[in-house]
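Heads up: the structure comes next, in structure tokens.
The values are calculated or read from the model by the stated rules, or taken from the named source; none is laboratory data. As the structure is a prediction and not an experimental result, all values here were calculated from the model. Cβ coordinates were reconstructed from backbone atoms using ideal geometry, including for glycine residues, and neighbour counts include every protein chain displayed. Side chains included, ligands, DNA and RNA excluded: accessible areas come from the protein's heavy atoms. Shrake-Rupley method; radii C 1.70, N 1.55, O 1.52, S 1.80 Å.
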Amino acid sequence: MEIALLGNPNTGKTSLFNHLTGSYEYVGNWSGVTIEKKVGVFKNKKANLVDLPGAYSLNPLSADEAVVTEYLLQDEFEKIVNIVDASQLRRNLLLTLQLIEYEKPVVIGLNMMDVATGYGKKIKIEALLNMLGCPVVAISARKGEGCTVLADAVTNHTNTSLLKVDYGKMIEQYICEMSSLVNQKTNLSARWLTLQLIEGNASVLKHLHSLAGKMEVDDFLKRIEAAANKIGKEAAQLVFEARRNVVEDILASAEIMEEMNKEVLT
Ligand code: GDP
Ligand code: K
Ligand code: MG
């Protein structure tokens with residue numbers, strides 16, 4: 001069994017990896033690139049933990065992000081540990097929503113709590129986990145605090161989140177169409193594939209071309225774009241706005257800003 005460690009760059013993934021693993025199973029490079037790949041034996045269970053490069057988005061703009069997206073498209077793994085920077089929730093949660101959309105169990109390690117506190121931000125963990133629909137464990141990846149609790153949560157958690165961003169009727173319709181197009185051909189989430197395709201994810205486009213045929217997929221994409229244009233938008237904009245609205249809702253109930261720091265930070 002394999003567990004993927006994912007998150008934005010510099011959120012503490014490698015620090016956490018070192019606390020959660022005993023010995024290395026493998027240290028080398030990702031295929032075709034000189035980006036370090038580390039696989040360790042997860043302490044709690046007969047599982048391997050894979051330390052992935054940092055990604056702001058799954059639409060690969062950097063070599064690091066391309067490694068992450070190819071991993072999500074090609075590799076077999078069971079669960080995701082998503083390290084989230086508590087001081088940068090607004091940006092980090094955009095990735096979290098996309099990982100939840102991938103429809104594998106996600107457990108969140110909420111790191112950098114000291115930095116968040118320094119900014120005058122308080123995070124209501126209960127509210128965060130209720131809204132995200134997955135376990136959230138506060139950790140200090142640098143000091144190793146909370147890592148055992150996180151490891152147990154990862155071992156025990158087997159459900160996929162019930163959180164579904166509402167992308168509106170039109171996009172939801174195309175997600176259904178994608179399901180019937182690819183469900184016989186892949187275990188990947190049709191929802192995730194459709195949304196990544198709409199966002200212009202070139203790796204996903206290529207993958208879908210080989211799964212469902214180039215003409216079919218290009219036509220599908222053209223029809224979505226035309227439908228979005230009819231309401232004066234680009235399809236990718238609709239996707240982004242829907243996610244951003246959910247993130248703002250989450251922040252409104254899970255993040256408290258101390259008065260004195262408000263102006264400096266927003
Ligand atoms: P990665 O890029 O996600 O793998 O992150 P790293 O594990 O390399 O950590 C990036 C930096 O953040 C390092 O300098 C860590 O020491 C630091 N770091 C990790 N966890 C914490 C934390 O909880 N608080 C603070 N202030 N720094 C941390
Ligand atoms: K780093
Ligand atoms: Mg790292």
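Restricting the search to region 166-204, which residues are surrounded by fewer than 18 Cβ atoms within 10 Å (Cβ to Cβ) and more than 17 Å from residue 243 (Cα to Cα)?
173, 176, 177, 179, 180, 183, 184, 185, 186, 187, 202
Taking the options 96, 69, name whichever one is assigned to a helix (DSSP H, G or I), open to solvent by less than 10 Å² (accessible area, probe 1.4 Å) and touching a Pro at 6+ places or on another chain (Cβ under 7 Å).
Values: 96 fails: touching a Pro at 6+ places or on another chain (Cβ under 7 Å).
Among 96, 69, only 69 is assigned to a helix (DSSP H, G or I), open to solvent by less than 10 Å² (accessible area, probe 1.4 Å) and touching a Pro at 6+ places or on another chain (Cβ under 7 Å).
Would a scan of region 200-218 turn up a residue that is among the small types (Gly, Ala, Ser), assigned to a helix (DSSP H, G or I) and under 18 Å from residue 98 (Cβ atoms)?
Within region 200-218, one or more residues are among the small types (Gly, Ala, Ser), assigned to a helix (DSSP H, G or I) and under 18 Å from residue 98 (Cβ atoms).
Kindly indicate whether any position in region 108-115 is within 26 Å of residue 237 (Cβ to Cβ), within 11 Å of the chain's Cα centre (by Cα) and of a type in the set (A, V, I, L, M, F, W, C). Reasoning before the result, please.
Of all residues in region 108-115, those within 26 Å of residue 237 (Cβ to Cβ) come to none.
No; the residues of region 108-115 include none that is within 26 Å of residue 237 (Cβ to Cβ), within 11 Å of the chain's Cα centre (by Cα) and of a type in the set (A, V, I, L, M, F, W, C).
Does region 28-38 include one or more residues that are more than 16 Å from ligand 2 (Cβ to nearest atom) and surrounded by 15 or more Cβ atoms within 10 Å (Cβ to Cβ)?
no
Only residues that are more than 7 Å from ligand 1 (Cβ to nearest atom) and either crowded, with 19+ Cβ neighbours inside 10 Å or closer than 16 Å to residue 92 by Cβ (or both): list them for region 1-15, please. If you could, list the steps in order and put the result at the bottom.
Filtering region 1-15 down to residues more than 7 Å from ligand 1 (Cβ to nearest atom) leaves 1-6, 8.
Of everything in region 1-15, those that are more than 7 Å from ligand 1 (Cβ to nearest atom) and either crowded, with 19+ Cβ neighbours inside 10 Å or closer than 16 Å to residue 92 by Cβ (or both) turn out to be 3, 4, 5, 6, 8.
Residue by residue through region 16-52, note down the ones that are aromatic (Phe, Trp, Tyr) and away from ligand 1 (no atom under 16 Å from the Cβ).
Selection gives 26, 42.
Between 167, 174, which is assigned to a loop (DSSP other than H, G, I, E, B), out of contact with any Cys (no Cβ under 6 Å at 6 or more places or on another chain) and among the aromatic types (Phe, Trp, Tyr)?
167
Does residue 79 meet the test of being closer than 20 Å to residue 191 by Cα and more than 16 Å from ligand 2 (Cβ to nearest atom)?
Details: closer than 20 Å to residue 191 by Cα: yes; more than 16 Å from ligand 2 (Cβ to nearest atom): yes.
Yes.
I'm trying to understand the selection: among the residues of region 228-238, which are over 20 Å from residue 164 (Cβ atoms) and surrounded by 13 or more Cβ atoms within 10 Å (Cβ to Cβ)? Even if it seems obvious, please write down each step before you answer.
We begin by selecting, within region 228-238, every residue over 20 Å from residue 164 (Cβ atoms); these are 229-234.
Scanning region 228-238 gives 233, 234.
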